[in-house]
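Below is one structure, written out as structure tokens; comments come after it.
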Amino acid sequence: MKRMRHLRRVRIRLTLWYAGSLTVMLILYAGGVFIFLRHSLFTELDGRLHEDFEVAEQMLERTTDSGIRWRASDRHEEEEIGDDSWLEVWSPEGRLLYRRESFEEEGKGLLFSVAPPGQRGYQSISLPNDIHVRALSGPYAIAGLSVAIRVARSEARLRRELNGLLLVLGLGLPVAVGIAGFGGYGLARRALAPVGQMADRARTITAEHLGERLPVVNSDDELGHLATVFNDTFARLERSFEQLRRFTSDASHELRTPLTAIRSVGEVGLREHRDENAYREIIGSMLEEADRLGRLVDSLLTLSRADAGQVKLTFERVDLAELVHDVVNHLSVLAEEKRQHVSVETAGPVYATVDRLVLRQAIVNLVDNAIKYSPDGGHVRIVVRDQPHGPALEVIDTGPGIGAEHRDRVFDRFYRVDKARSRELGGTGLGLAITRWAVEAHGGRIELESEEGKGSTFRIRLLSTQA
Ligand code: ADP
């Protein structure tokens, strides 16, 4: 119901905009037509007045007693001045010398009592009894006598036509806008119908039903495009939800394993009386599991803070060669246990602007893996280079290598090539996921090259702008 109200509001708003702009356009158009017609009617009337004036110039003559009269003989010329026209001749002092009164019935007797102005010009004049006339006045000399001639015609026909037009426009315009408004409302309803369908479907999409998609009526139009964009967003959300679900269930599973181990070791230890050494061993293995649990929780925390965007990187200028030496010192005990040789190859300091702690964690994970997965007596090389497109750091081992089918996935959370072996070696399955996040948070890239049975090379490439 609420949706219907929203849609109706949009429809009404669209219709009002449409009707409003149509009204403005029609008013402008009607105004243009009216002004054009008015102008041409006046031009025509003025043309006739001009002709009247010329006829008057030819037909007026001076009488012997200094008066003015119409040359009576020529009937044809006389007829040229119609029934609805006036003619007056005034002396310069404002005395009426001659008046021809042939005009419409209602105008009889309503003659001008004021002399016309001295210069030639047209004017519209309103007389009593709602009579409107158009007059042309101008000076003229009849046989040496300077006079002012005024010819006038009624504006009645012109006004009738203009009023008729106004009436047609005045009545027609609201009707046209009304019809267009109804049509516009119907069109808006049709055009917005897919929005209603989309809203109905969107309401059924919940976390449990993220597989649902909005209907796409026509993918080429704007609404179709909108639905497609929403569908893409839903697909992304579905993928994120799925990842989150998998991650939560994997994480619970991973957390349960060491907890179960701690409990069963403890239970077995308590079952009978043992000597001190046996208890030491039991406590030692419980601590080992607790240690693994601690590492797992630390890694989970790092990743969840990274996901929430809460990790603020603190950039500083760091010598990567020195950082790698630091990591190798930190992990040397592990390498020594396996009688492995860890070498660092660098031509000198390689500077980069990085978050020291975050990048260190990424390198620790790579070197730790290299030592962990390489056999006893193996060799781990770490090469730090300053390359034209930015600093690069490679961790090369002589381990079992990673099969092509696993290469992309080893960076996924909890993905392990050999689960049992990873556990046995104390892995959490999160090391490479954290490394990838750390490198990408620096705008860098992590690459893996590997050959099964020969070894792996993990390469961190940083951006040159950070150098
Ligand atoms: P884990 O804690 O299991 O080491 P990682 O995310 O660090 O988790 O690594 C994921 C998986 O990738 C490991 O379980 C292992 O199978 C594989 N892997 C990582 N590094 C190496 C390596 N240097 N050589 C061979 N396999 C490796």
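Key figures for this structure:
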item	result
Within segment 387-400, considering residues that are more than 14 Å from SER422 (Cα to Cα) and of a type in the set (Gly, Ala, Ser), the one nearest to the ligand (Cβ to nearest atom)	ALA392
Segment 386-420, subset among the basic types (Lys, Arg) and closer than 15 Å to GLU447 by Cα, residue surrounded by the most Cβ atoms within 10 Å (Cβ to Cβ)	ARG407
Strands (runs of 3 or more DSSP E) lying entirely in segment 113-172 (those with 2 or more residues that are among the β-branched types (Val, Ile, Thr) and touching a residue at least 12 places away in the same chain (Cβ under 8 Å))	131-142, 145-154
Verdict on ARG461 being within 9 Å of the ligand (Cβ to nearest atom) and within 38 Å of the chain's Cα centre (by Cα)	no
Elements of type helices (runs of 4 or more DSSP H) contained in segment 401-458, each with 2 or more residues being within 11 Å of the ligand (Cβ to nearest atom) and touching a Gly at 6+ places or on another chain (Cβ under 9 Å)	419-424
Looking only at segment 173-223, and only at residues there that are of a type in the set (Lys, Arg) and free of Cβ contacts under 8 Å to residues at least 40 places away in the same chain, the one that is farthest from ALA235 (Cα to Cα)	ARG190
All positions within segment 244-279 that are of a type in the set (A, V, I, L, M, F, W, C) and within 51 Å of the chain's Cα centre (by Cα)	LEU244, PHE247, ALA251, LEU255
One residue from ALA227, ALA261, ALA290 being within 29 Å of ALA438 (Cα to Cα) and out of contact with any strand residue (DSSP E or B) (no Cβ under 6 Å at 6 or more places or on another chain)	ALA290
Residue pairs meeting the criteria (Cβ under 9 Å; at least 6 apart or on separate chains; first among the small types (Gly, Ala, Ser), in segment 398-411; second more than 9 Å from the ligand (Cβ to nearest atom) and part of a loop (DSSP other than H, G, I, E, B))	GLY399/PRO375; GLY399/GLY378; GLY399/LYS454; GLY401/GLU452; GLY401/GLY453; GLY401/LYS454; GLY403/GLU452; ALA404/GLU452
Residue in segment 71-87 that is modelled with pLDDT of 80 or more, over 25 Å from VAL133 (Cα atoms), more than 56 Å from the chain's Cα centre (by Cα) and part of a strand (DSSP E or B) present	no
Search result, residues across segment 358-386 that are without any contact (Cβ under 8 Å) to a residue 40 or more places away in the chain and more than 11 Å from the ligand (Cβ to nearest atom)	ARG360, ASP376, GLY377, HIS379, ARG381, VAL383, ARG385
Options ALA352, ALA321, ALA308: the member that is away from the ligand (no atom under 16 Å from the Cβ), hydrophobic (A, V, I, L, M, F, W, C) and exposed (fewer than 15 other Cβ atoms within 10 Å of the Cβ)	ALA308
Check on ARG38, surrounded by 12 or more Cβ atoms within 10 Å (Cβ to Cβ), assigned by TED's automatic domain parsing to the domain that holds LEU136 and assigned to a helix (DSSP H, G or I)	yes
Unmet requirement for GLY138, which otherwise passes all of (1) closer than 30 Å to THR23 by Cα; (2) of a type outside the set (Lys, Arg); (3) over 28 Å from the mean Cα position of the chain (by Cα)	(1)
Selection status of PHE234, of a type outside the set (Val, Ile, Thr), closer than 30 Å to ALA30 by Cα, free of Cβ contacts under 8 Å to residues at least 60 places away in the same chain and part of a helix (DSSP H, G or I)	no
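To keep it simple, each residue is scored yes or no on (1) touching a residue at least 24 places away in the same chain (Cβ under 8 Å); (2) under 15 Å from GLY426 (Cα atoms).
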| residue | (1), (2) |
| --- | --- |
| GLY294 | no, yes |
| LEU303 | yes, no |
| ALA306 | yes, no |
| LEU313 | yes, no |
| ALA321 | yes, no |
| ASP326 | yes, no |
| ASN329 | no, no |
| VAL333 | no, no |
| GLU336 | no, no |
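The values are calculated or read from the model by the stated rules, or taken from the named source; none is laboratory data. Values in this document were obtained by computation on a predicted structure and should not be read as measured data. Neighbour counts are summed over all protein chains in view; Cβ atoms, including those assigned to glycine, are modelled from backbone coordinates with ideal geometry.
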